[in-house]
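Working notes, beginning with the structure itself.
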Amino acid sequence: MAALKLKNYSMEKESNMEAHKTNQYQSSKLILRRGQDFTIKLNFNRPIQKGDKVEFFAETGPAPAEPDNTLAVFQLSGSKDGKTWTAVKDSSSSAGVNITIKSSSRAPIGLYNMSLYISSKKKKTSYKLDDIILLFNPWAKDDDVYMEDENDKLEYVLNDSGIIYFGLEDYISKMGWNYGQFEEDILDTCLQILDRSLNYQEDEVLDCSKRYDPGYVGRVLSAMINSIDDEGVLEGKWAGRFKGGVHPQDWNGSVDILHRWRKGGYKPVKYGQCWVFAGVLCTAFRCLGIPTRVVTNFCSAHDKDANLSVDSIYSKKGKSMSKDSLWNFHVWNECWFSRSELGSQYGGWQVLDSTPQELSGGVYCCGPASVHAIKEGDIELDYDGPFIFSEVNADRITWVQYDKDLREKVYTDIESVGKNISTKAVGSDKRVDITDTYKYPEESEKERSVYLKARKKLLDMGIIDKNSPKKRSIVKKRRKKRTGESGSDDLDENEEEFDIHGRFELNSSSELGTDIKLTLHLENVSTTSHSVNVKFSASTIEYTGRPSTEVYSDTTTLTVPAKKEKNHSLSIPAEDYEHDLTKHNLMEVVAICEMKNKKKMLVRKVIPIVRPSLDIQIHTSAFVNRALEVEITYTNPLSTPLTDGLLALVGSGLVKKTTKRKIPKLEPRETRTVVAEITPYQSGSKQLTVGFTSKHFAAIKGFHRIDVLEESEAPEEDVVIEEDEDVMIVEDEFEEDEVDEDAME
């Protein structure tokens, strides 16, 4: 009888990828999730008989080896134990055999070379099978990234679009973001990100062997999405001119960024800020199979010296000059996986942040840090616990700086940091507040005891000096902080409250182009009249709280009668601030109030300058491969004509390439409606994001969810679109270099 030989084979790509929920990937390769069966068909020259030995080899990395877990050698008909690769044939006695292969749930993710070795009649023959790409598997119970709820997996792994929140704690805005993790070349690009990391460059064999661990992969990706240290994907920039790149506000999704990085020879793409870093990192995680969501923390502290307090320093004229900062919002990611090295209670959501802020292990990355550990004050656990704890629960101390060597503490606030921590809901476009997953309620004894526990651990670790001032040990009842209420400058529990309390009230619309009118309310709670010297300052600011340009200043003296309130009105003309706004459209107004006893308090309010909205309407049903009309309404927000406006459309399954079109001249405050024609190419719930951009203002964005039906469900007659000047045809063949990116700074 002839030796056993393989005549042909089939990797059954379509059925396997459907079973593994990877059929959305636009790739020629077989993409599978680890720890799950897949079936291949082998056709031999004769049936397999006793004495024939059939072995499979699965290899990944530059030097595959079994001790490194990068080489799996397994025989046909092996047992299924979940920890090793196995192959089992069906009971057929014919020459055609169905083989069920199961990869290990601890296998490193990445590209695998698959081979078949046959020993028969003293002959050994090898056959090259098709390569596969192995991903993490949230559907496999013994995988570290396993999620029980099916709806959670649909949202955090398979949803290729989402919502990112931004703004202020009491003025929360949202933007649509196209993750696009299944788009062409995105998976290959994400694997390239791993292969270009410092870890891979230092020891490529060790790096590949560690890719079984989602925590390790997450830490590598958090370093590589920013460009510092390693020529990663995105270059960050927070102020100044954005020449030679795209302003962070003008991005609508991750796909363009990842394509530019790869096509540009792996040079950092310009530019990113926190929500852009988080959006791209979410794409990479979901692409590789790690459940991920984007999270926004409002009033987010950046504590540079890791002492669990953020020092807000103002000059005696009211201008900010802090090294620590309080960001109006900051965006990061949470990934879902177990932390067996820490303990079962620390599994679940883990913070990972690719925005380059502080060094971690000598590299600009952050996490993974267990959200549960942050809530419980267990900040000594890997990684970056003190920094993340401060972001959501630092105390805020306000100072007035008189000169280089003289600084006075005017206020300690134990409640204002870490507000309305938000993420998109599962299965809907609603916002979910997850603040309680990071900390216990403010003003509760439990919250303060956790704070003191965390501070003691920093002392024990030698991160902060034992002689540095301690935070209060009890919780004081406070007024509403977000309107700029004052407090005591004394850290002891017998502190004396100010006789004067202050707050700002916005009395006008804050729409772009209108005069901003405010009232400073000073309330005297004592039985003695007080004379108060007030210094006002208003500055445009970045979302990080960094001041840009002072647009208003004034001084006055107010006499506040006993048990009475004194009000003072101020107005900031539109022409004074309109051209000095940063693209975050924020203004900070500060009043430094000094009493005769030399005590000072600071009243602060951040005002969002509101831009007109962009509206998207769909009036007909959407079908695959059928033209669809999209009605877009937008407004020139300026008091001057607009001649450089652009509309950009993006959406996986709806528009194959981000498409940008110049729009005709718009008169001041003019509103216009145009109709765009798109052709959906995938069925399901899809998100269209539209951005209206100009070098004169921040991008105005809107998004709309579209349920696309299969082509077979469409009526026979085609929709006819009448051609007129308000119809914008969206062409997939649009080349990005037709757009002047410098005009989009």
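The values are calculated or read from the model by the stated rules, or taken from the named source; none is laboratory data. Bear in mind the structure is a predicted one, so any value in this text is a computation, not a measurement. Don't worry about glycine lacking a Cβ; one is built from the backbone with ideal geometry, like all the others, and counts go over all protein chains shown. Ligands, DNA and RNA are stripped out before the accessible areas are found, and what is left, the full protein with its side chains, is counted by its heavy atoms. Shrake-Rupley method; radii C 1.70, N 1.55, O 1.52, S 1.80 Å.
Just to be sure before I move on: is S28 among the polar types (S, T, N, Q), without any contact (Cβ under 8 Å) to a residue 12 or more places away in the chain, open to solvent by 30 Å² or more (accessible area, probe 1.4 Å) and out of contact with any His (no Cβ under 7 Å at 6 or more places or on another chain) in the structure I sent?
Spelling it out, S28 is indeed among the polar types (S, T, N, Q), without any contact (Cβ under 8 Å) to a residue 12 or more places away in the chain, open to solvent by 30 Å² or more (accessible area, probe 1.4 Å) and out of contact with any His (no Cβ under 7 Å at 6 or more places or on another chain).
Here is a list: S531, S548, S537, S569. Which entry is open to solvent by 20 Å² or more (accessible area, probe 1.4 Å), under 30 Å from K237 (Cα atoms), among the polar types (S, T, N, Q) and in contact (Cβ under 8 Å) with a residue 12 or more places away in the chain?
S548
Against the definition (over 18 Å from S161 (Cα atoms), hydroxyl-bearing (S, T, Y), under 29 Å from the mean Cα position of the chain (by Cα) and open to solvent by less than 60 Å² (accessible area, probe 1.4 Å)), how does T635 come out, yes or no?
Considered against the rule, which asks whether it is over 18 Å from S161 (Cα atoms), hydroxyl-bearing (S, T, Y), under 29 Å from the mean Cα position of the chain (by Cα) and open to solvent by less than 60 Å² (accessible area, probe 1.4 Å), T635 comes out as yes.
Give me the residue from segment 169-185 that is of a type in the set (A, V, I, L, M, F, W, C) and within 17 Å of the chain's Cα centre (by Cα) and, out of that set, farthest from T283 (Cα to Cα).
I172
Just checking, which of S254, S300 is farther than 13 Å from I225 by Cα, hydroxyl-bearing (S, T, Y) and surrounded by 24 or more Cβ atoms within 10 Å (Cβ to Cβ)? Lay out the reasoning, then the answer.
Numbers: S254 fails: farther than 13 Å from I225 by Cα.
On inspection, the qualifying residue turns out to be S300.
Which condition does E380 not pass, out of (1) more than 22 Å from the chain's Cα centre (by Cα); (2) acidic (D, E); (3) under 19 Å from G218 (Cβ atoms), if it passes all the others?
Result: E380 fails condition (3) only.
Which fully enclosed strands (runs of 3 or more DSSP E) of segment 124-241 have 2 or more residues being aromatic (F, W, Y) and crowded, with 20+ Cβ neighbours inside 10 Å?
Once the strands (runs of 3 or more DSSP E) in segment 124-241 are filtered for at least 2 residues that are aromatic (F, W, Y) and crowded, with 20+ Cβ neighbours inside 10 Å, what remains is 161-168.
Residues that are modelled with pLDDT of 95 or more, of a type in the set (A, V, I, L, M, F, W, C), within 23 Å of G110 (Cβ to Cβ) and in contact with a Ser or Thr (Cβ under 7 Å, 6 or more places away or on another chain): does segment 205-220 have at least one?
To start, the set of residues in segment 205-220 that are modelled with pLDDT of 95 or more comprises 205-220.
After this cut, where a residue has to be of a type in the set (A, V, I, L, M, F, W, C) as well, the list is 205-206, 208, 217, 220.
Subsequent filtering for residues that are within 23 Å of G110 (Cβ to Cβ) retains 205-206, 208, 217, 220.
Going one step further and asking which of them are in contact with a Ser or Thr (Cβ under 7 Å, 6 or more places away or on another chain), we end up with 208, 220.
Within segment 205-220, one or more residues are modelled with pLDDT of 95 or more, of a type in the set (A, V, I, L, M, F, W, C), within 23 Å of G110 (Cβ to Cβ) and in contact with a Ser or Thr (Cβ under 7 Å, 6 or more places away or on another chain).
Give the number of residues within segment 331-355 that are more than 20 Å from I421 (Cα to Cα) and part of a strand (DSSP E or B).
So the count comes out to 1.
Can you tell me which residues in segment 649-663 are modelled with pLDDT of 95 or more and not in a strand (DSSP E or B)?
If the condition is that a residue be modelled with pLDDT of 95 or more and not in a strand (DSSP E or B), then S652, G653, L654 are the ones that fit.
Out of segment 436-449, which residues are crowded, with 18+ Cβ neighbours inside 10 Å, touching a residue at least 40 places away in the same chain (Cβ under 8 Å) and assigned to a helix (DSSP H, G or I)?
Matches in segment 436-449: E447 only.
Restricting to segment 572-595, name every residue that is farther than 22 Å from Y411 by Cα, open to solvent by less than 50 Å² (accessible area, probe 1.4 Å) and not aromatic (F, W, Y).
Correct list: I572, P573, A574, E578, L581, T582, K583, H584, N585, L586.
Among the residues of segment 303-339 satisfying the criterion of being among the aromatic types (F, W, Y) and at pLDDT 85 or above, which is most open to solvent (accessible area, probe 1.4 Å)?
At the first step, the residues of segment 303-339 found to be among the aromatic types (F, W, Y) are 314, 327, 329, 332, 336-337.
Then drop every residue that is not at pLDDT 85 or above, which leaves 327, 329, 332, 336-337.
Numbers: W327: 18, F329: 6, W332: 1, W336: 77, F337: 2 Å².
Among residues in segment 303-339 that are among the aromatic types (F, W, Y) and at pLDDT 85 or above, the one most open to solvent (accessible area, probe 1.4 Å) is W336.
Kindly indicate whether I700 is surrounded by 18 or more Cβ atoms within 10 Å (Cβ to Cβ) and in contact (Cβ under 8 Å) with a residue 40 or more places away in the chain. Please lay out each step first, then the result.
Values: surrounded by 18 or more Cβ atoms within 10 Å (Cβ to Cβ): yes; in contact (Cβ under 8 Å) with a residue 40 or more places away in the chain: yes.
It is true that I700 is surrounded by 18 or more Cβ atoms within 10 Å (Cβ to Cβ) and in contact (Cβ under 8 Å) with a residue 40 or more places away in the chain.
Which of the residues spanning segment 84-97 are closer than 18 Å to L4 by Cβ, in contact with a Lys or Arg (Cβ under 6 Å, 6 or more places away or on another chain) and part of a strand (DSSP E or B)?
V97
Cβ-Cβ under 8 Å, sequence separation 6+ or interchain: first residue in segment 391-415 and closer than 23 Å to R455 by Cα and open to solvent by 10 Å² or more (accessible area, probe 1.4 Å), partner modelled with pLDDT of 80 or more and not in a strand (DSSP E or B). Which pairs?
R396/I414; R396/S416; R396/V417; E415/E442; E415/E443
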